1. At a Cα cut-off below 17 Å, give the aspartates and glutamates reachable from residue B:247, other chains included and same-chain residues fewer than 8 away excluded.
2. How long is segment A:33-170 along each principal axis, judged by its Cα atoms, biggest number first, in Å?
3. List the lysines whose Cα lies under 18 Å from the Cα of residue B:183, skipping any in the same chain that are fewer than 8 positions away.
4. Taking springs between alpha-carbon atoms closer than 10 angstrom, which of B:87, B:174, B:129 fluctuates most in the Gaussian network model of chain B?
5. Answer rounded, prolate or oblate for segment A:112-172, using the Cα gyration tensor with square roots of eigenvalues a ≥ b ≥ c: rounded when a/c is under 1.5, else prolate when a/b is larger than b/c, else oblate.
6. Let me have the relative contact order for chain A, percent, based on Cα pairs under 8 Å that are six or more residues apart.
7. List the trypsin sites (Lys or Arg not before Pro) in segment A:1-76 that DSSP assigns to loop (not H, G, I, E or B) and whose Cβ has at most 12 other Cβ atoms within 10 Å. Which are they?
8. Taking the DSSP beta bridges in the protein assembly as shown as the whole, what percent of them are antiparallel, to the nearest 5?
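Just so it is clear, none of the values below were taken in a lab; they were calculated from the coordinates. These figures come from a predicted structure and were not determined experimentally. Heads up, the Cβs are rebuilt from the backbone with ideal geometry, glycines too, and the neighbour counts pull from every protein chain shown.
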Amino acid sequence: MAKPQRNIIRLDELDMDFAEAVAKAGGEKINLCIQCGTCTASCPSGRRTAFRTRQLIRRAMLGFRDEVLSDEDLWLCTTCFTCLERCPRGVDPTDVILALRNMAVEAGHMLDQHKRVAGYFVKYGHAVPLNEENRKRRTSLGLEEIPPTTHKHKKALDEVQDIVKKMGFDKLICFKWEKGEK
Amino acid sequence: MKYAFFLGCVMPNRYPGLEAATRNVAKVLGIKLLDMEGASCCPPPGVVKSFHKPTWLAIAARNLTLAEALNTDATTLCSGCYGTLKDANMILKEDAAMRERVNKILHDYGKEFRGTIDVKHIVEVLYRDVGIDKLKDLVKKPLNLRVAVHYGCHLLKPTEYRTGESSERPKLLDELVEVLGAKSIPYRDKMMCCGAGGGLRSSSPDVSMDMAKEKLENMKNADVDCIVTPCSFCHLQFDRGQIDLEKQFGVTYNLPVLHYVQLLGLALGLDPKKLGLYSNATSADPILKKL
């Protein structure tokens with residue numbers, strides 16, 4: 001006979017200050033949540049995946065720090081703000097999710113695809129940089145070949161990269177300056 | 001009427017047709033668009049604000065100072081850029097401590113956030129500043145089209161900090177479409193997200209495309225001629241998405257995707273070439289033939 005499964009939650013394994021930390025990181029109103037589930041019911045991402053906003057918030061409130069921050073489902077929110085608009089308690093779940101994402105990245109949980117996009121931003125000043133095909137397309141449409149952005153102005157790109165370094169964003173995303181990529 | 005023109009990434013670097021359309025439409029409307037020389041990525045909520053909010057705010061502040069230097073409100077075609085710049089502008093205007101921290105960084109480059117301008121989505125500019133009546137007078141070629149209006153998310157939400165429109169039953173874009181002679185057709189889950197935002201298009205393309213697929217199916221079922229969006233990223237998602245979905249599942253929708261400025265340009269009688277309508281991944285021919 002199979003042994004009965006027991007999920008025992010040990011209080012000493014929970015981070016009791018986690019909800020407070022989430023609140024400080026930008027999810028100020030997390031503690032107002034009454035677990036009604038309007039967020040999950042409104043979520044277009046949750047409609048097709050295992051992502052459950054209500055569950056995420058509950059786990060965060062209970063102090064499951066590592067489980068919450070390492071869960072890749074955290075990255076399934078499109079920031080559509082539907083839950084934020086409909087939450088009857090004004091929890092602003094999207095802000096809670098953004099705060100949790102910032103904390104996850106700080107704890108070293110960042111997806112490779114996101115490191116790549118963030119790397120483009122650091123390298124070019126654009127998360128979606130110009131390519132050869134669109135240089136030609138720009139010219140054929142009567143536009144300047146290079147748009148008047150960090151793509152055109154080296155000094156502006158230097159400025160953006162300098163700010164990125166000052167903020168420690170390059171280290172956060174493991175950007176390698178010598179290779180010019182993440 | 002003049003605005004600092006914030007380009008962002010997707011429009012100038014993937015859909016320059018939208019940039020051409022905007023510059024040409026602005027000329028007809030008598031709007032002066034001033035380039036924000038040296039602007040960068042906004043940066044987006046999904047892939048920078050989600051990683052490190054302080055970096056997001058500092059870079060957004062730098063972009064805002066470029067518009068402030070032009071002494072005029074900023075406008076953009078991308079709802080993601082709009083959300084970022086609008087939010088950052090509000091945070092920095094209201095939170096003195098935050099403003100001081102950001103200005104300390106910007107000071108090294110001779111820049112300072114002063115809080116002197118506002119950020120407006122191009123659709124807001126057309127609806128409120130130009131005005132629906134003036135647009136009506138300028139229509140040369142009423143458009144006999146059935147349109148699926150896609151609002152997207154960041155144009156309207158969070159409603160507390162946006163245009164004042166309802167996020168469940170907004171009217172702004174439908175009115176803008178109908179003043180051009182076209183008909184806005186209701187369809188299932190019209191207010192649903194396109195699936196591109198939040199960093200999803202890069203990290204979970206399957207989930208992202210599944211959302212686009214659901215919307216495209218609902219639009220197709222409503223028997224529309226084309227999709228109209230106010231956002232360059234939603235535009236990319238539906239336009240490029242149709243090609244991806246065809247490759248992946250063999251489904252074809254043949255639904256031309258137009259940014260609102262492109263639709264407006266057609267009604268103003270501008271040449272489709274000048275509106276970048278031949279630069280989309282999904283052909284715009286079906287509607288160009290119909291008109």
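1. B:206, B:210, B:214, B:217, B:239
2. 54, 34, 24
3. Straight-line reach from residue B:183, under 18 Å: B:136, B:140, B:141, B:171, B:220, B:289, B:290.
4. Residue with maximal mean-square fluctuation among B:87, B:174, B:129: B:129.
5. Judged from the Cα gyration tensor, segment A:112-172 comes out oblate (a/c at least 1.5, b/c at or above a/b).
6. On the way: 207 pairs, mean separation 35.2, N = 182.
Worked out over chain A, it gives 19 percent.
7. A:6, A:10
8. Working: 1 of 20 bridges.
Here the share of antiparallel DSSP bridges comes out near 5 percent.
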